[in-house]
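Bear in mind these aren't lab numbers, they're just calculated from the coordinates by the rules spelled out. Everything numeric in this text was worked out from a predicted model, so none of it was measured. Here the Cβ positions follow ideal geometry from the backbone for every residue, glycine too, while neighbour counts run over all protein chains shown.
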């Protein structure tokens, strides 16, 4: 008989089929590049939160093979509660095979408070709702074990906290009373536990269709498996269309692009659908010319890499604030001049990289020049933050920002579409679609240490703890990755120029 844990319970609440697949077909689960970073972030935040209320006892115990020793943890929890220990971390309980570990269990005058720690910010309180089943399940298990639960709380990162000289745990964390918010969830736990047990102990895969829960707020890792039998491409590949709208089409039997041909979609969506059937690119040369005529020389191609630390390490910064540590810059003095390259990568010693980066950026990009970026809002936001942080550089920085043009525009405006772009106009989709056979423009041919922005973001803060050889190799990997990002902009612009001149399809 398989038992539940709180992670299994919350997976069941998301989708019973996902719970079954995790149990019986774990090999079909596909994780994105952010999963490991989220786990590491959660561990860091969880470890810090243990000290939120002062002294504590942690009952975590491992078996020789590295797995949790649940029996010992449950026994230790019982012992610490009997002693009247003020705060017990990873306090463990089991009721009829239903197990949970409470992040922080805090003694009160009449019982115990549950504190569930999440490495999320307070920016969007609506996101808290997805944690309610988790907390309700913990309360139910503890109550069934005879524990008087006097309060339930969500602990997350205070998005408004600004690091000063030293880390202030009470300022860093926000404690949210969810006792009332979880009441409805709590009432459903017992019934859901019984239903989840049936799923866990059945050899038959649940017949459950796609739903809104497949994407936000869950972004289920079984999406590829559950859509494996749909035609390719399908309604879920539509560009710039809300998932809710895609689900409405799907429920009405509108699944393939052939089905979509009969609908009045947006202009770019109609173009996307039609090019699948013609197999030819869609080209609006007037639109492309209009975009190209907005550019002028000298022309600079800019891309930043940033890190977003859950727990701020740099004075004056907030949780998850984007901290730029690197940029790549290709540039051409005139239309026929050779393309040149400059780059910046901050020191890897854990110091604040922003001042040195901002100073070098002002040296590398003169005022009143045209700058190209892809999805320029990212570059603009970074530069605006730098201008706020360093007022003496603000005039130059804001001049750069005001002269940035977005290379995304001709694609999102529907001036140029190639079927291979699919439902995305990100540079990682556009580049291989336009240059499918150029190995020098293939991110997968880069050093495996850094092949995408998420890897760059995650690895830079770790370099300071690496052996010298590994640190040097990782820095080189970062430089080559970011360089390809701006080389990609150069090549995409060149292709637009060719298409506008009628020299290429």
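So the values come out like this:
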| read-out | value |
| --- | --- |
| Prolate/oblate/rounded label for the stretch 212-278 (Cα gyration tensor, a/c 1.5) | prolate |
| Exposure proxy ranking, count of Cβ atoms within 10 Å, fewest first, for 193, 450 | 193, 450 |
| Cα shape, the stretch 28-72, gyration tensor, a/c 1.5 rule | oblate |
| Net length gained if the chain between residue 356 and residue 464 were fully extended (0.36 nm per residue, minus Cα distance) | 37.1 nm |
| Fewest-first ranking of 30, 189, using other Cβ atoms within 10 Å as the exposure measure | 30, 189 |
| The stretch 6-200: antiparallel DSSP beta bridges as a percent of all, rounded to 5 | 65 percent |
| If the convex hull is drawn through the Cα atoms of the chain, its volume per residue in Å³ | 181 Å³ |
| Quarter of Cα convex hull surface for the stretch 6-200, i.e. mean projection, nm² | 12.5 nm² |
| Long-range Cα-Cα pairs in the stretch 288-358 (distance over 17 Å), rounded percent | 56 percent |
| Burial ranking of peptide ranges 93-102, 200-209 (average Cβ count within 10 Å, highest at the top) | 93-102, 200-209 |
| Residues of the stretch 258-302 with amide N under 15 Å of a point placed 7 Å along Cα→Cβ from residue 339 | 299-302 |
| Estimated [θ] at 222 nm from DSSP helical runs (n ≥ 4, -39500 (n - 2.57)) normalised by residues in the chain, nearest 500 | -12000 deg cm²/dmol |
| Sites residue 203 and residue 47 - FRET efficiency at Förster radius 35 Å, r taken between beta-carbons, to 0.05 | 0.35 |
| Simple label model, 7 Å out from Cα along Cβ direction - residue 377 to residue 265, nm | 2.2 nm |
| Calculated FRET value between residue 244 and residue 368, using beta carbons and R₀ = 51 Å, to 0.05 | 0.70 |
| The chain - share of DSSP beta bridges that are antiparallel (%, nearest 5) | 70 percent |
| In nm, spacing of pseudo-spin labels at residue 280 and residue 497 (7 Å Cα→C-beta vector) | 2.6 nm |
| Extension gain from residue 23 to residue 223, taking 0.36 nm per residue of separation minus the Cα-Cα distance | 70.4 nm |
| Computed lengthening from residue 258 to residue 452, 0.36 nm per intervening residue step minus Cα-Cα distance | 66.5 nm |
| Least to most buried among 489, 63, 4 (fewest other Cβ within 10 Å first) | 63, 489, 4 |
| For peptides 383-392, 258-267, sequence by mean Cβ density within 10 Å, most packed first | 383-392, 258-267 |
| Between the stretch 94-125 and the stretch 362-402, the Cα center-to-center distance that results, in Å | 44 Å |
| Spatial separation of Cα centroids for the stretch 12-62 and the stretch 295-311, in angstrom | 33 Å |
| Antiparallel content of DSSP bridges confined to the stretch 288-500, in %, to 5 | 75 percent |
